[in-house]
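Step one of this worksheet: look at the structure below.
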Amino acid sequence: MSELSRECEDFAGWLLESTESESPAWRDHLERCKGCRAQADAHSMLTSAFAAEPVPELSDAFESRLARRLAPELEIRPLAGWRRAAMVAYIVVSLILLGWSLRAVELPTIDLSAPWVPVAALVAVPLSLMLAIRVSGWLPAGLRPRGPGIVAA
Amino acid sequence: MDDAQLARELQRSGDPAHFEQLVERHRGAVFRLILSILGSGREGAAEELTQDVFVKVYRRIGQFRGEAKFSSWLYRIAYNQAVSYRSRARFRLPHYGEEVLAMTPSERPQDDPHQRATRAEIASAVKDCLDQLPHLYRSVLNLYYWMGMTVPEIGQTISAPDGTVKSYLYRGRARLQKLLDEKGIHHV
Ligand SMILES: [Zn+2]
């Protein structure tokens with residue numbers, strides 16, 4: 001557009017701000033300037049062509065399909081905002097209360113060489129890990145479930 | 001709530017109801033934007049890509065900083081997704097790169113000229129000629145005339161300065177008018 005005359009540049013600017021393609025103010029210029037005439041004609045034809053264009057509609061299944069694709073991510077949605085804060089506060093208060101109540105309790109001594117100790121550890125450790133993941137929604141990035149993947153080209 | 005507030009609420013609470021509202025507000029525009037990049041007759045692919053865009057938006061909502069309008073951020077994702085799909089897919093129509101922007105339309109095959117056209121035929125001819133334009137010109141003309149976007153909005157969508165968008169609009173219209181002239185289609 002740099003090679004345009006000042007008048008042509010002004011007309012191009014006017015065309016961007018106007019819904020019309022002609023105005024008495026530009027009549028003389030449009031009669032002598034082929035380039036601006038072409039701009040005005042193309043502007044008119046594009047405007048009327050798109051005004052007549054029916055608005056395309058998405059199919060009725062669009063939303064349900066999108067919901068299905070996002071379902072795996074929604075299921076493990078991490079706690080956020082006040083829910084996360086409430087969960088943290090609950091855990092902290094529970095631990096404090098537990099510690100305070102255990103001060104007076106004489107805990108039974110456990111024989112760590114007993115055969116049931118490693119079995120109990122094998123069950124309890126993965127279980128508590130799974131529970132923590134479920135509650136916090138935390139998962140390493142590589143393990144997060146994903147949607148069915150983007151459309152094939 | 002406006003879009004930015006919904007997006008912030010979605011970031012904070014992860015509540016899918018906020019996401020559903022954003023989808024409801026923008027799905028039609030995203031579909032049209034994608035369709036305007038892919039070209040008419042590709043509604044099926046455009047709908048699939050619209051799905052992909054919203055899945056991507058849900059996953060990336062944490063990256064929305066609120067510096068630009070939510071719609072600008074969303075449309076840029078949609079535009080990039082459509083352009084990327086377009087470059088991967090085998091299209092019936094050739095993709096013209098920047099290097100052929102200088103070619104005159106008469107170097108491309110044309111239909112029978114001097115046809116008399118009614119208003120509907122003119123609209124159809126305009127669409128045909130648009131499809132023959134280089135991808136950037138066609139996209140910008142579609143975004144401006146079909147989507148009703150402003151020059152700055154188009155600039156944010158295609159990541160180009162306003163001056164470049166104006167130049168694409170100007171050159172696109174000039175090229176389109178030459179094609180229409182060659183077909184003998186005139187403004188009524
Ligand atoms: Zn002029």
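Read-outs: derived from the displayed coordinates by stated rules, not from any lab. As the structure is a computational prediction, the values presented were derived from the model and not from experiment. Neighbour counts are summed over all protein chains in view; Cβ atoms, including those assigned to glycine, are modelled from backbone coordinates with ideal geometry.
Have a look at B:L38, B:A68, B:F54 and report the one farthest towards the positive end of the charge dipole of the range B:3-87, computed about the Cα centre with Cβ charges (Lys/Arg +1, Asp/Glu -1).
Of the options given, the answer is B:A68.
For a 32 Å ceiling on Cα separation, which of these pairs sit above it: A:K34/B:K127; B:K69/B:K166; B:K56/B:K166; B:K69/B:K178; B:K56/B:K183?
On the way: A:K34/B:K127 23 Å; B:K69/B:K166 21 Å; B:K56/B:K166 30 Å; B:K69/B:K178 37 Å; B:K56/B:K183 42 Å.
Checking Cα-Cα distances, B:K69/B:K178; B:K56/B:K183 exceed 32 Å.
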